[in-house]
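*Asks:* Dropping the structure in here first, questions after.
FYI, it's all coordinate maths here, none of it is from the lab. Predicted, not measured: the structure shown is a model, and the values here were computed from it. Please note: Cβ atoms are built from the backbone with ideal geometry, for glycine as well, and neighbour counts cover all protein chains shown.
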Amino acid sequence: MPIVVNLDVMMAKRKISLKELAEKVGITDSNLSILKNNKAKAIRFSTLEEICAALDCQPGDLLEYRKT
C-alpha cells in the first residue's frame with residue numbers, strides 16, 4: 001500500500017504506549033493497533049485529529065506516501 005502510517009515512530013518519540021494513546025484518543029487498543037501496524041484501510045479525520053492532538057504532531061508526521 002503506498003500510504004504508510006508511521007504511528008509507531010511517533011509513539012516512540014513521544015514515549016507513549018498503545019494503551020495510553022488509545023485511552024487519550026478514545027478508541028480501542030485493537031483498532032489503534034490495526035492502524036499502527038499498517039493494516040487499516042481508512043481513518044476518520046476525527047480520529048486523526050485526536051491522535052495528532054494527543055501526540056502533539058501534524059498529520060504529515062503520521063502519514064507518508066511511498067511510490068510502489
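*Asks:* Could you list the residues of segment 6-33 with an amide nitrogen less than 19 Å from a label point located 7 Å from the Cα of Arg44 in the Cα-to-C-beta direction?
*Replies:* Answer for this model: 21-33.
*Asks:* Calculate, axis by axis, the spread of Cα positions in the chain along the three principal axes, and write the results as whole Å, longest axis first.
*Replies:* The Cα atoms of the chain stretch 34, 21, 20 Å along the principal axes, largest first.
*Asks:* Right, something else. Taking the Cβ of each residue in Ser33, Ser46 as the centre, tally the other Cβ atoms inside 10 Å and list the residues starting with the fewest.
*Replies:* By the 10 Å Cβ count, ascending, the order reads Ser46, Ser33.
*Asks:* So what is the 222 nm mean residue ellipticity for the chain from helices alone, if each DSSP H run of at least 4 adds -39500 (n - 2.57) and you divide by all residues, rounding to the nearest 500 deg cm²/dmol?
*Replies:* Using -39500 (n - 2.57) per qualifying helix, the result is -15000 deg cm²/dmol.
*Asks:* Still on this structure: What is the calculated FRET efficiency for Lys13 to Thr68, with r their C-beta to C-beta distance and R₀ = 22 Å, to the nearest 0.05?
*Replies:* Step by step, r from the Cβ atoms, then E = 0.25.
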